[in-house]
1. Tell me the strands (runs of 3 or more DSSP E) entirely within the range A:195-290 that contain at least 3 residues that are more than 25 Å from residue A:446 (Cα to Cα).
2. Working only within the range A:452-474, note down all residues that are crowded, with 24+ Cβ neighbours inside 10 Å, out of contact with any Ser or Thr (no Cβ under 6 Å at 6 or more places or on another chain) and in a loop (DSSP other than H, G, I, E, B).
3. Find all pairs meeting these conditions: Cβ atoms under 6 angstrom apart; at least six residues apart or on different chains; first residue within the range A:333-344 and under 20 Å from residue A:216 (Cβ atoms) and at the interface with chain B (Cβ under 8 Å from one of its Cβ atoms); second residue aliphatic (A, V, I, L, M) and outside any loop (DSSP other than H, G, I, E, B).
4. Quickly run through the range A:310-323 and pick out the residues that are in contact (Cβ under 8 Å) with a residue 40 or more places away in the chain, not aliphatic (A, V, I, L, M) and not in a loop (DSSP other than H, G, I, E, B).
5. From the list A:233, A:305, A:249, A:276, exactly one residue is touching a residue at least 24 places away in the same chain (Cβ under 8 Å) and closer than 27 Å to residue A:174 by Cβ. Which is it?
6. Mind checking which residues of the range A:441-461 are within 15 Å of residue A:93 (Cβ to Cβ) and either without any contact (Cβ under 8 Å) to a residue 40 or more places away in the chain or more than 15 Å from ligand 1 (Cβ to nearest atom) (or both)?
7. Scan the range B:10-43 residue by residue and report those that are among the small types (Gly, Ala, Ser) and within 18 Å of the chain's Cα centre (by Cα).
8. Enumerate the helices (runs of 4 or more DSSP H) found wholly within the range A:324-411, keeping only those where 2 or more residues are small (Gly, Ala, Ser).
Amino acid sequence: MPFGLALRRKTQAGFDAFGSINLKERKRVELSGGQILVECLKAEGVDAVFGYPGGAVLHIYDALFQQEQVKHILVRHEQGAVHMADGYARATGKPGVVLVTSGPGATNAVTGIATAHMDSIPLIVITGQVPTSLIGNDAFQEVDNVGITRPCVKHNFLVKDVRDIAITMKKAFYIATTGRPGPVVVDIPKDVTDPRVTIPFDYPASVSLRSYHPTVKGHTGQIRKAIDLIINAERPMIYSGGGVILGGASAQLTRFARLLNYPITNTLMGLGAYPASDRQFLGMLGMHGTYEANMGMHHCDVLIAIGARFDDRVTGNLAKFCPTAKIVHIDIDPASISKNVVVDVPIVGSVKSVLEEMLPLIEDAGGAKQPEALTAWWAQIAQWRDMRCLDFKTNGDVIKPQYVVQKVWEITQGDAYVTSDVGQHQMWAAQYYGFDKPNRWINSGGLGTMGFGLPAALGVKFAYPDEEVVCVTGEGSIQMCIQELSTALQYHLPVKVVSLNNRYLGMVRQWQEFFYSGRYAMSYMEALPDFVKLAESYGHVGMRIEKASDVEGALREAFAMRDRLVFMDFQTDPLENVYPMVPAGAGLNEMILV
Amino acid sequence: MENEAGALSRVAGLFSARGYNIESLCVAPTVDETLSRMTLVTRGDEQIIEQIIKQLNKLIDVVKVQDMADAPHIERELMLIKVQAQENSRNEVYRLAEIFRGQIIDVSESSYTIQMVGPGHKLDAFVTALGAIPVVEIVRSGALGIARGPRGMAVPEA
Ligand SMILES: Cc1cc2nc3c(=O)[nH]c(=O)nc-3n(C[C@H](O)[C@H](O)[C@H](O)COP(=O)(O)OP(=O)(O)OC[C@H]3O[C@@H](n4cnc5c(N)ncnc54)[C@H](O)[C@@H]3O)c2cc1C
Ligand SMILES: Cc1ncc(C[n+]2csc(CCOP(=O)(O)OP(=O)(O)O)c2C)c(N)n1
Ligand SMILES: [Mg+2]
């Protein structure tokens, strides 16, 4: 039967004008693999797919085209698609969905997949594959997608039969979003979505896997042991991370910290899980953490780690890490526990469930038991705070990058969604934009992927068109995915790009200044484009700001243009450094301050 | 683990990506043909072994992990070894094979092929005992393990 005919007939029977399945007729309707895939997405409540077409996914695109419920955002590079879906996922907590073609489409997506994997972000990445009969033949645009992505996904699938699409998609969503979340790749050969092959469609209501049972509820005995340690602490410290945001447990964490009146620090990934403006918050910890947070870590007697994974950027030299502390660690992934730092009381479970179980126990115990010691501890912390480690020197009309971020915070009332790229600007955004709410700080922490910021911002803006979305970037990073300015125009995603243009790969230059006697090997960005004209040629507004006194006015003007993407090219102090800094090999108490 | 294409490479990939060593690895389907069983021999301190077990458990295709070294267990390996057996050494090879309870499974005028089963160190001992007798080829299966006592390894329900 000629292909078009078969399809037309099918779209008439059982489909309404928008190509949605008429429920009454669902049982009778037979669907092609492409249509089934789209129906699976609808069944999962997916409202958007970020993607880029190509030969191997044409059947799927054809099915997408004939319905309106699932929107498709056409990116300009597959890496952008994955970062967009990732930004969407980080802001909403829902899984992001990507669709790319085989071969180069899939390989272009790999950086994005690895980025999501390192930060435990739930994504479903559908990659096209050559027809099953050609797999292994070095066919046109064939790569082993499952093989290439294996080390950077939570799981992946190759679907070899149209009858397996629905169950595989169900498993994919289940795996991506439960336990420790992560990206799942579903590789689909072209013949599996062939419109000429149709079968009845039924989406499974639930799925269970004998080899996958994430632990949600913490062990009661361990929880009691932990509570005993926690309430009797004299110099406690709460160290919480991305797990609190992933687990939607910011309210529980806040209650926990307040009930105990204990100091709290967040990792880069955890910012916003506890309100930055709160008295108990000591700022970020780690390599570029605050003096008070790092000193607090070093001197505490009980460390309460919540949804954080003791990353090397956080611990510094392991041999010098928290020398006097007993450690409680709550994490949903047993493999995160005692991986880098051996802990005293491990609790495997979701932060939300474990904290909810802990709160009444703390209340029943009457809160913390060492009020005098705690008062002394807070006095010590106040002294560390007096170092004012985030103060920076201004210098006439030279634009200080920290100042720009502070002003962005002021103008957006601390309530914007802020994405960033990777480098010094990322650290300044983290240090100077105080996040009071979770899911608002969106950056690549684990992989540190330059190019993440702009597409991630577009993904957030797509999810929340009425919210202010800012991308803090550098002139190096922005050029890694700048083509997405075009996507922003097409889908009307008016984010604000704040580029802290120091004419250097600043983070690299800083290391070269500190550790390579100032030999700035290949860290100067020569031949930069005129970003104003570039933004304009993409149909947006460009601004170049050269003087400190112009910063606030420019920002106000830009943010007043609610409907336009404005690219702000701030010419910042080229030699500014990120402080404090814990150099490699040092302990957290051995910071370079200025 | 699930008897699925790719399950083995997930395990092998995990070991190479994380820098764990694999001394031997042996895998085959079980009676339940949706499952296959892998016996893997690795070395590391307590913390590394703990991480390896946790990381293996994280693999979606891995149904159950058991550290055999935790409890009394039996370890067996199969070796096929072809040695030169000329006039003067034929008797000696035959005698050694007897002592080690090997079986001669192939014979030519200049060689014997012996099949031997046992824990790895016993197979090593046999090779050492051959002394100056030239070995043509050795194939070893890698270790298989099973717990002592009445209990079998239970597989969790879906
Ligand atoms: C240039 C640069 C500089 C950096 N400098 C710093 C720095 O100074 N300080 C810093 O902190 N980081 C820094 N990072 C980031 C760092 O590399 C890590 O990404 C980060 O520290 C990890 O954060 P996390 O421990 O919160 O873990 P995440 O990667 O967010 O992992 C989350 C943890 O929570 C667990 N989890 C997930 N869901 C749940 C749940 N529902 N319940 C319980 N547990 C859950 C996971 O199993 C995992 O262990 C920097 C990165 C870059 C690129
Ligand atoms: C894709 C990628 N390549 C290289 C790096 C290494 N790297 C980390 S920060 C950085 C410099 C970033 O420069 P820029 O975007 O201008 O930011 P700045 O540090 O100047 O604020 C580089 C090259 C990286 N993180 N990602
Ligand atoms: Mg720069």
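1. Ranges flagged: A:198-200.
2. Hit for the range A:452-474 is A:474, nothing else.
3. What qualifies is A:334/A:348.
4. Across the range A:310-323, the qualifying residues are A:313, A:315, A:320.
5. On the way: A:233 fails: closer than 27 Å to residue A:174 by Cβ; A:305 fails: closer than 27 Å to residue A:174 by Cβ; A:276 fails: closer than 27 Å to residue A:174 by Cβ.
On inspection, the qualifying residue turns out to be A:249.
6. A:459, A:460
7. Within the range B:10-43, B:12, B:24, B:28, B:36 meet the criteria.
8. In the range A:324-411, A:371-385 are the helices (runs of 4 or more DSSP H) which contain 2 or more residues that are small (Gly, Ala, Ser).
All of the numbers you see were taken from the coordinates with simple rules; none came from a lab. Quick caveat: nothing in here was measured; it's all calculated off a predicted structure. A quick note on method: Cβ atoms are made from the backbone with ideal geometry, for glycine too, and the neighbour counts reach across all protein chains shown.
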